[in-house]
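Visitor: I'd like to ask some things about the structure below.
The values are calculated or read from the model by the stated rules, or taken from the named source; none is laboratory data. Note that the structure is predicted; figures quoted are calculated from it, not measured. A quick note on method: Cβ atoms are made from the backbone with ideal geometry, for glycine too, and the neighbour counts reach across all protein chains shown. Heavy atoms of the whole protein, side chains included, go into the accessibility calculation; ligands, DNA and RNA do not. Shrake-Rupley method; radii C 1.70, N 1.55, O 1.52, S 1.80 Å.
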Amino acid sequence: MDKNNIIGIVLIIAIFAGFVIWTRPSEEEIAAQKRHRDSVMLVQQQLAEKEMMQQRIKDSLAALDQDTAAVAEISDSARVSAYAAQFGKFAPCATGINKDIVLENDKMIVTISSKGAMVKTVQLKNYKTNSGDSLFLVRENPMNELSLDFFAGNNAISTKNLYFAYNGKEHLVTNPNTGAEEVSAVLRANVDSQSYVEFAYKLGDGYILDYNITLKNLDNVINQNSSFFDLNWNQYLPVLEAGKMWEERNSDLCYKASDDDPESLGGTVGGWFGGAGNDAKSDNLNFSTKWIAYKGQFFSSVLISKETFGNASVAMQPQNTNNNLKFMSSRIALPTNVKTNNMAFYFGPNKYQILKEVQLTEDDELQLGDLVPLGGWFLGTINRYLIVPFFNWLGSFISNYGIIILILTITVKGLLFPLTLKSYKSSAAMRVLKPQVDELNKKYPKPEQAMEKQQAMMSLYSKAGISPMGGCLPMLLQMPVLIALFRFFPASIELRQQSFLWADDLSSFDSILDFGFSIPFYGDHISLFALLMAGAMIFQTKLTSGQMDTGTMPGMKIMLYLMPVMMLCWFNDYSSGLTYYYFLSNIIAILQIVLVRNNIDEKAILEKLNAKVAKNSGKKKSGFLARLEEAQKQMLEQQKRNGKR
């Protein structure tokens, strides 16, 4: 081994040692890693405890159901003994009278059942179903559940089986004129006069229902070897709209981690295009959560923690019935060391202006506005800060949403017209140069001459001072606005049940003929606005296709005419407000094309371009174009050398 080898080995060792020292974590980083490991271990421990507890509760409740059926057939004294064996110290709550407590404000009516102290029904007063019936966001159903599960001694207790005591009025209505701006109901499952489980509900003037669970003096009653209780929240998502398929696609189970953005089982929160679909989905949320939402197309039920929930198991199951879309379920861990769990429900519309203002504490960043699928970050920004405010401003003094969409379309097309005009002028310049381009096509007809032809065309365009991409770039710059509107219209509850012309509901499709059967890729009806949109697209394509050079791509013209047919199939089930907007947009585009063509002197443009060609013929090419042509020359020479071989 010579000196150079020794020096090399020493340098390698030194570099390696230096890298190890340089990348060694600091004491703060080591402490942070330890905290992270401890947190992960705690979550894993909670999950293991939760699984064991869930299985024990499941087994015990199954036995309880069987025993309860048997209890009904025995004597009173035996029944008391049986209840004591089944419910332990909660035996006094095993029987009672089931009464309904109603909390009402100007927006909703909430009915609470004293058995289980559960939300039984929620009616939104200012909305109707598609059939014109009262809109119940939560309907009475034995499968709907809001219960706390825990162990009291060896007894598995589920509060859905307990009768809660309630001593107040059974119908409470907010009335700011008399000072009753809030109404509340406090229900208790009493072990004795000093020990109880308390469910408290409070309704103000909006869509928020405060919901608090308090455990009072139950340390000696409830098992202390578990670090959490299970809050079970199960609810059917009802069918409320005309287009069930679109409603299914836009219904989802969503949630927000305490330190992250909202997510969902179906992947639609704030998404660009996708939908939740109609497949069964489930997940274990192994982190603390701020809220869980059962989201429909236009209405949502959201359970929010004023602090944070523990980990949770969530699932949604499709329902093939006329009344229900999906069955949503959540099993949420509530810490046992917290005597009062402060929560709230949001039962209301998916209206961005309302949801973004929901806040339970001053420090809340709930991001409930993301339940309205306005697009990803970029598209959502366009919608939230441009389209939505302008749309709402128009709605403040115009009641006809067909007129509002017309004004919105004219405004958007007007603001984008400078880009459109630049595109049209570039297309006109390309069109007047077409005879010269045709000459180049004749001069270089062979496929192997494609590079020489391309080089000659680039030289022609350069001398004329135009860019072949000049017509495409302005159109590309318009695309974000067009796609943002694609997300905006189907998500706008403002269009729900708003009629215009033959469309009964601008948030759904405008069927003028139902087939009674389904055509693959099209549907079971004819949507007239979608049909008019496709017709306008074909007419616009006919106006513009003549100025396009499709010689090198003969199939392009077929694709241009095929696209409207594809759009017709895609949009047949979409919101008629959206297809109406696209129809108007295409009509305005046709008028702009005709207007621009009638005011553009193509002979003058040709003379100007010819003058530029003559002027620039002796000029040195720009650096970029010179490099591009040099690259093309090198490729051409390489092709020739390869041909000689």
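Visitor: Can you work out which of the residues in segment 498-537 that are open to solvent by less than 70 Å² (accessible area, probe 1.4 Å) and over 30 Å from the mean Cα position of the chain (by Cα) is nearest to Gly132 (Cα to Cα)?
Guide: Phe515
Visitor: Here is a further query. Yes or no: segment 322-335 includes at least one residue that is part of a strand (DSSP E or B), within 26 Å of Ile493 (Cβ to Cβ), of a type in the set (A, V, I, L, M, F, W, C) and out of contact with any helix residue (DSSP H, G or I) (no Cβ under 9 Å at 6 or more places or on another chain).
Guide: Quick first cut of segment 322-335, residues part of a strand (DSSP E or B) only: 324-335.
If we keep only those that are within 26 Å of Ile493 (Cβ to Cβ) too, we end up with 324-330.
Of the ones still in play, those that are also of a type in the set (A, V, I, L, M, F, W, C) are 325, 327-328.
Now drop any that are not out of contact with any helix residue (DSSP H, G or I) (no Cβ under 9 Å at 6 or more places or on another chain), which leaves 327-328.
Yes, segment 322-335 contains a residue that is part of a strand (DSSP E or B), within 26 Å of Ile493 (Cβ to Cβ), of a type in the set (A, V, I, L, M, F, W, C) and out of contact with any helix residue (DSSP H, G or I) (no Cβ under 9 Å at 6 or more places or on another chain).
Visitor: Sort out for me the strands (runs of 3 or more DSSP E) sitting completely within segment 123-202 that have 1 or more residues that are farther than 25 Å from Leu231 by Cβ.
Guide: On the way: elements: 134-138, 145-152, 155-158, 171-173, 183-190.
Answer list for segment 123-202: 134-138, 171-173.
Visitor: Yes or no: Leu366 closer than 20 Å to Ser576 by Cα and in contact (Cβ under 8 Å) with a residue 12 or more places away in the chain?
Guide: Values: closer than 20 Å to Ser576 by Cα: no; in contact (Cβ under 8 Å) with a residue 12 or more places away in the chain: yes.
So Leu366 fails the test.
Visitor: Would you be able to say whether some residue in segment 527-543 is more than 28 Å from Met245 (Cα to Cα), at pLDDT below 80 and of a type in the set (Ser, Thr, Tyr)?
Guide: The answer is no; no qualifying residue exists.
Visitor: Examine segment 206-213 for a residue that is surrounded by fewer than 20 Cβ atoms within 10 Å (Cβ to Cβ), outside any strand (DSSP E or B) and modelled with pLDDT of 85 or more, and state whether such a residue exists.
Guide: Checking segment 206-213: at least one residue is surrounded by fewer than 20 Cβ atoms within 10 Å (Cβ to Cβ), outside any strand (DSSP E or B) and modelled with pLDDT of 85 or more.
Visitor: Given the conditions (1) surrounded by 13 or more Cβ atoms within 10 Å (Cβ to Cβ); (2) modelled with pLDDT of 90 or more; (3) closer than 25 Å to Asp504 by Cα; (4) of a type in the set (A, V, I, L, M, F, W, C), and given that Val388 satisfies all but one, which numbered condition is not satisfied?
Guide: With (1) surrounded by 13 or more Cβ atoms within 10 Å (Cβ to Cβ); (2) modelled with pLDDT of 90 or more; (3) closer than 25 Å to Asp504 by Cα; (4) of a type in the set (A, V, I, L, M, F, W, C) applied to Val388, the lone miss is (2).
Visitor: Restricted to segment 565-601, and to residues that are part of a helix (DSSP H, G or I), polar (S, T, N, Q) and in contact with a helix residue (DSSP H, G or I) (Cβ under 8 Å, 6 or more places away or on another chain), which residue is modelled with the lowest pLDDT?
Guide: Initial filter on segment 565-601 (part of a helix (DSSP H, G or I)): 565-571, 576-598.
Still in the running and polar (S, T, N, Q): 576, 579, 585-586, 592, 598.
Filter once more, keeping what is in contact with a helix residue (DSSP H, G or I) (Cβ under 8 Å, 6 or more places away or on another chain): 576, 579, 585-586, 592.
Details: Ser576: 89, Thr579: 91, Ser585: 89, Asn586: 89, Gln592: 84.
Looking at residues that are part of a helix (DSSP H, G or I), polar (S, T, N, Q) and in contact with a helix residue (DSSP H, G or I) (Cβ under 8 Å, 6 or more places away or on another chain), I get Gln592.
Visitor: State all residues of segment 499-546 that are within 30 Å of Leu421 (Cβ to Cβ) and either of a type in the set (Lys, Arg) or in contact with a strand residue (DSSP E or B) (Cβ under 8 Å, 6 or more places away or on another chain) (or both); if no residue qualifies, say none.
Guide: Within segment 499-546, Phe529, Lys542 meet the criteria.
Visitor: Hey, can you tell me all the residues within segment 363-389 that are touching a Pro at 6+ places or on another chain (Cβ under 7 Å) and under 16 Å from Ala293 (Cβ atoms)?
Guide: Listed by number, the residues that qualify are Gln367, Asp370.
Visitor: In segment 508-541, what residues are touching a residue at least 40 places away in the same chain (Cβ under 8 Å) and either polar (S, T, N, Q) or part of a strand (DSSP E or B) (or both)? Let's see the steps before the verdict.
Guide: To start, the set of residues in segment 508-541 that are touching a residue at least 40 places away in the same chain (Cβ under 8 Å) comprises 508-510, 521-523, 525-527, 529-530, 532-533, 536-537, 539-540.
Within segment 508-541, Ser508, Gly523, His525, Ile526, Ser527, Gln540 meet the criteria.
Visitor: Same structure again: Residue by residue through segment 331-374, note down the ones that are hydrophobic (A, V, I, L, M, F, W, C), open to solvent by 10 Å² or more (accessible area, probe 1.4 Å) and modelled with pLDDT of 90 or more. Don't jump to the end; show me each part of the working.
Guide: Keep residues of segment 331-374 that are hydrophobic (A, V, I, L, M, F, W, C), which gives 332-334, 338, 343-345, 347, 354-355, 358, 360, 366, 368, 371-372, 374.
Filter once more, so that each one left must be open to solvent by 10 Å² or more (accessible area, probe 1.4 Å): 338, 354, 358, 360.
The answer is Ile354, and nothing else.
Visitor: I've got another one for you. For the list (1) at pLDDT 65 or above; (2) over 20 Å from Ser507 (Cα atoms), I need the number of the one condition that Leu473 fails.
Guide: For Leu473, the failing item is (1).
Visitor: Listed residues Leu203, Leu187; which is in contact (Cβ under 8 Å) with a residue 24 or more places away in the chain, more than 34 Å from the chain's Cα centre (by Cα) and open to solvent by less than 60 Å² (accessible area, probe 1.4 Å)? Write out each step before concluding.
Guide: On the way: Leu203 fails: more than 34 Å from the chain's Cα centre (by Cα).
The conditions single out Leu187.
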